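Beneath this line is the structure, given in structure tokens, with notes to follow.
Bear in mind that the values in this text are calculations on the coordinates, not laboratory data. Only a predicted model underlies this, so the values are computations on that prediction, with no experimental measurement involved. Glycine also receives a Cβ, built like all others from the backbone with ideal geometry; neighbour counts cover every protein chain displayed.
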Amino acid sequence: MNITQSLFESEHICLGPINYDKDPEIEARWSEDADYLLMVGLEPARLTSPAQIKKKYEAIEKRQEEDKDLFFFTIRMRADDRLIGFARLEWIDWSNGCGYVSLGIGDPNDRNRGYGTETLRLLLRFAFDELNLHRLTALIPEYNAAGLRLFTKAGFVEEVRRRQAVNRLGRRWDLLHLGILRDEWEAQRAPNESTRERLTSF
Amino acid sequence: MMNDLFRGELTRLAAVDAEKMSKAWERWNRDVLFRRLLDNEPPTLWSAKKIQQWIEKELERGDQRFSFSIYPLDSERLIGFVELNVASWQHGNAWVGIGIGEREDWNKGYGTDAMRLVLRYAFDELDLYRVSLGVFAYNPRAIRSYQKAGFVIEGRERGALLRDGERSDVLVMGILHSEWEAQQGAMQEASGG
């Protein structure tokens, strides 16, 4: 056990709360980016004003409080607390130890810099070390090559292929369920992070 | 031509009567095997009153959710339920859930027959593109029934269930509109229609 281990910071980024003063303006800009919307969800693209986004944040926090099946994070740069994206652990099924994970990096200039990988590493540690879950699932349409790479690199494997479940860009695409089990995550985490190492160094 | 959407070979689908259905659910919920085959939540013994409130609320969500009672053909005995939840009209996707609550009615083909009716409704009436379902690996009887109705296994979420200290997989199955059409054609040919 290492109770001083940071759950929310990694090298360049950190997980943080919603900032109601600053974040709605930034997310409203992202809602105009069709590529971003294509990658982060299966909902129809929808232009969203800062005021609507504030309401959405309120609904998210209400759900966190009442349903206890959601952990919502903003992704921010450690250096200046700038918002770069969002991450969720949700639909948590406590009695079976399962949950779903998703994340998105909003600005194209912040993509392909390893921030998603850093975020996912924090989310996995939070899900397995803090929430004590047994497994996590990510739902990724087959056209999202960057998402598939991100999760595969982190140790997720394809478990389900819902054929032609996504209707986008004028054609049908499969929807993949990628999964990772707790022991798979334990086996591939860095040696200096392993439970045994941490126990002996405590 | 008589084209009854809601009558099959063994069963018929009927509207949900909230009072009748809630009394049935109150009883079915006490059958732990039924509950453990049905879903991944810890069974809760809700009162008929509470269940009725839920059913009435759910029935108002008519644009996303299509709920039916299952009766044997020409009988007034409520034996189960089936419901279609449209996850997205944009993608033409729905999930289906079905249960035969009365144990004496298991293994009689009622579930398969009712599933065929609801698939016909999903594809012919709602014009959906595909229908999905989740089923537990320890429920081979249901898996066979879904396969008979035309579903194929699309994968398994490993160890997604923990019961009596043992992990089991959850299978995801799916059927496409085109597969269902092909199956209808083949059945008609076989019957010389």
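Computed over chain A, the alpha-carbon pair-distance distribution with 5 angstrom bins reads 1, 7, 14, 18, 20, 18, 12, 6, 2, 1, 0, 0, each value a whole percent. Put in line by how crowded their Cβ is, counting other Cβ atoms within 10 Å and starting with the fewest, A:Met39, A:Met1, B:Met21 read A:Met1, A:Met39, B:Met21. Fewest-first ordering of B:Ile98, A:Ile3 by other beta carbons within 10 Å of each residue's beta carbon gives A:Ile3, B:Ile98.
Compute the Kirkwood hydrodynamic radius of the protein assembly as shown, taking the inverse of the mean of 1/r over all pairs of distinct Cα atoms, and give it in Å to one decimal. Could the numbers behind the result be given before it?
On the way: mean 1/r = 0.0428 Å⁻¹.
With all distinct Cα pairs of the protein assembly as shown included, I get 23.4 Å.
Segment A:14-32 and segment B:76-114 have Cα centres lying 42 Å from one another. Near B:Lys23: Cβ cut-off under 15 Å, other residues only, Lys/Arg at +1 and Asp/Glu at -1. The net charge is -1.
Listed by chain and number, the lysines whose alpha-carbon sits under 23 Å from that of B:Lys148, ignoring those within fewer than 8 places in the same chain, are B:Lys108. Straight-distance candidates among the lysines for linking to A:Lys153, with alpha-carbon spacing under 17 Å and chain neighbours fewer than 8 residues away dropped, are absent. Bridgeable lysines around B:Lys57 (alpha carbons under 28 Å apart, same-chain partners fewer than 8 residues away excluded): A:Lys55, A:Lys56, A:Lys62, A:Lys68, B:Lys20, B:Lys23, B:Lys49. Given 10 °C and 1.306 mPa s, how large is the Stokes-Einstein diffusion coefficient of segment B:79-193 in µm²/s, with Rh as the Kirkwood radius over Cα pairs? Roughly 105 µm²/s, to the nearest whole number.
Please rank A:Glu61, A:Glu43, A:Glu159, fewest neighbouring Cβ atoms within 10 Å first, as an exposure proxy. All intermediate terms of the calculation are to be shown ahead of the outcome.
Values: A:Glu61 15, A:Glu43 10, A:Glu159 21.
Listing A:Glu61, A:Glu43, A:Glu159 from fewest to most nearby Cβ atoms yields A:Glu43, A:Glu61, A:Glu159.
Every pair of different Cα atoms in chain B enters the Kirkwood calculation, which places the hydrodynamic radius at 17.5 Å. Calculated mean residue ellipticity at 222 nm for chain A: -9500 deg cm²/dmol, from DSSP H runs with n ≥ 4 weighted as -39500 (n - 2.57), summed, divided by the residue count and rounded to 500. Annotation for segment B:123-162 versus segment A:95-153: alpha-carbon center distance of 26 Å. For chain A, a Gaussian network of Cα nodes joined below 10 Å ranks A:Leu120, A:Leu42, A:Leu70 by mean-square fluctuation, and the top entry is A:Leu42.
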